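Student: Just passing along the structure, written as C-alpha cells.
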Amino acid sequence: MTRRLLLLTVIFLASAAYTRHVMEPEQVPLRRALGDLTFQLGDFRGQDAPPFSRDVLDVLGVDAYLNRVYTPASGVPVGLYVGYYQSQRQGDAIHSPANCLPGAGWQPVTHQRLRFAVEGRATPVDVNRYLIQKGLDRQVVLYWYQSHGRLVASEYASKAYLLYDAVRLNRSEAALVRIISPIAPGEDEAIAESRAVAFAQALLPALTPHLPS
C-alpha cells in the first residue's frame, strides 16, 4: 500500500511539473537582430522605411520587425516586411495578410500558390501569391510563415505546426515574411511577379540565419 501511494505521488508530481513546464510562456529570441539583415540582396539595394506608429505596433503585437524598401537596377522597388513573434501563447499571434489587406483598402483579385527554387534548400518552396488592387494601383504580394527552418504557405498548416511545436518543444515562435512588388504603369503582371520571386530567392538565404532553428 505504501509503495503504491509512493508511486502515485511520484506520477502526480511528475505530471504537475510537466504541465507547469508546458504552460510556462517561452520567449525565444532571434539569433541575429532583424535590423542587421544586409542592405544588399543580389541586385536589390535596401533602405529602411519609416517606423510603424505605436498604435500599429500594438495591433501587430510583434516582438521585432523589419520594414524596408529594396530597389533593383530596374528602378521599381519591392517592399519587405518581416514580423517576428517570440511566443504566440499570450494573445499575440500572427495576423494573416489575407485578412489585413481589405482593411487597408486593397482588394484581393487572385490568389494562388507559387513554387520556386532557393539556393541552399533541397526542395522548392511554396508561398502565397496574391494580386491586389486599390483603384488603378495593382501589386503582387508574396508571403509565408517561417519557423524552425520550415517555410509554410498554408495558414492551417502554420497553426498545426504551432500546436505541434508547443507540445513537443514548448515553443511557439514564428515569423511572417511579406514581399510587395508594385506593378508599374505599362508593366505586365508577370514582370512584377518575377521581380518579387527574384527578391525572395535572394532574401531567404540571408534571412534564415537570423531566425531560430
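The values are calculated or read from the model by the stated rules, or taken from the named source; none is laboratory data. Quick caveat, the model's predicted, so the values are computed rather than measured. Note that we place each Cβ from the backbone using ideal geometry, even for glycine, and neighbour counts take in every protein chain shown.
Student: Determine if the range 176-189 includes at least one residue that is in contact with a strand residue (DSSP E or B) (Cβ under 9 Å, 6 or more places away or on another chain), in a helix (DSSP H, G or I), modelled with pLDDT of 95 or more and not polar (S, T, N, Q).
Tutor: Within the range 176-189 (the criterion being in contact with a strand residue (DSSP E or B) (Cβ under 9 Å, 6 or more places away or on another chain), in a helix (DSSP H, G or I), modelled with pLDDT of 95 or more and not polar (S, T, N, Q)), the answer is yes, since at least one residue qualifies.
Student: So, one more: Take the residues in the range 173-213 that are charged (D, E, K, R) and closer than 13 Å to TYR84 by Cα; name whichever of them is nearest to the chain's Cα centre (by Cα).
Tutor: ARG178
Student: Which residue, of GLY75, GLY42, GLY46, GLY83, is modelled with pLDDT of 85 or more, out of contact with any helix residue (DSSP H, G or I) (no Cβ under 8 Å at 6 or more places or on another chain) and within 27 Å of SER147 (Cβ to Cβ)?
Tutor: Answer to the check: GLY46.
Student: While we're here: When you go through ALA93, ALA98 one by one, which is the residue that is in contact with a His (Cβ under 8 Å, 6 or more places away or on another chain), surrounded by 12 or more Cβ atoms within 10 Å (Cβ to Cβ) and at pLDDT below 95?
Tutor: ALA98
Student: Moving on. I want to confirm something. Restricting to the range 110-132 and keeping residues that are small (Gly, Ala, Ser) and in contact with a helix residue (DSSP H, G or I) (Cβ under 8 Å, 6 or more places away or on another chain), which single residue is nearest to ALA184 (Cα to Cα)?
Tutor: Step by step, filter the range 110-132, then rank; the result is ALA117.
Student: Moving to a separate point now. Just to be sure I understand, how many residues within the range 40-51 are surrounded by 11 or more Cβ atoms within 10 Å (Cβ to Cβ), in a loop (DSSP other than H, G, I, E, B) and over 19 Å from the mean Cα position of the chain (by Cα)?
Tutor: Residues flagged as surrounded by 11 or more Cβ atoms within 10 Å (Cβ to Cβ), in a loop (DSSP other than H, G, I, E, B) and over 19 Å from the mean Cα position of the chain (by Cα) within the range 40-51 amount to 2.
Student: Do you know which residues across the range 162-175 are touching a residue at least 24 places away in the same chain (Cβ under 8 Å) and either assigned to a helix (DSSP H, G or I) or surrounded by fewer than 21 Cβ atoms within 10 Å (Cβ to Cβ) (or both)?
Tutor: Answer for the range 162-175, where residues must be touching a residue at least 24 places away in the same chain (Cβ under 8 Å) and either assigned to a helix (DSSP H, G or I) or surrounded by fewer than 21 Cβ atoms within 10 Å (Cβ to Cβ) (or both): LEU162, ALA166, VAL167, ASN170, ARG171.
Student: A further question follows. Based on what the data block shows, is ALA33 modelled with pLDDT of 95 or more, of a type in the set (A, V, I, L, M, F, W, C) and surrounded by 11 or more Cβ atoms within 10 Å (Cβ to Cβ)?
Tutor: Yes, satisfied.
Student: Let me ask something additional. Return the residues of the range 133-158 that are part of a strand (DSSP E or B) and either free of Cβ contacts under 8 Å to residues at least 40 places away in the same chain or more than 27 Å from PRO209 (Cβ to Cβ) (or both); say none if nothing qualifies.
Tutor: Within the range 133-158, GLN133, LYS134, ASP137, ARG138, GLN139, TRP144, ARG150, VAL152 meet the criteria.
Student: State whether the residues of the range 112-123 include one that is among the polar types (S, T, N, Q), at pLDDT 85 or above and at positive phi.
Tutor: So far as the range 112-123 goes, no, none of its residues is among the polar types (S, T, N, Q), at pLDDT 85 or above and at positive phi.
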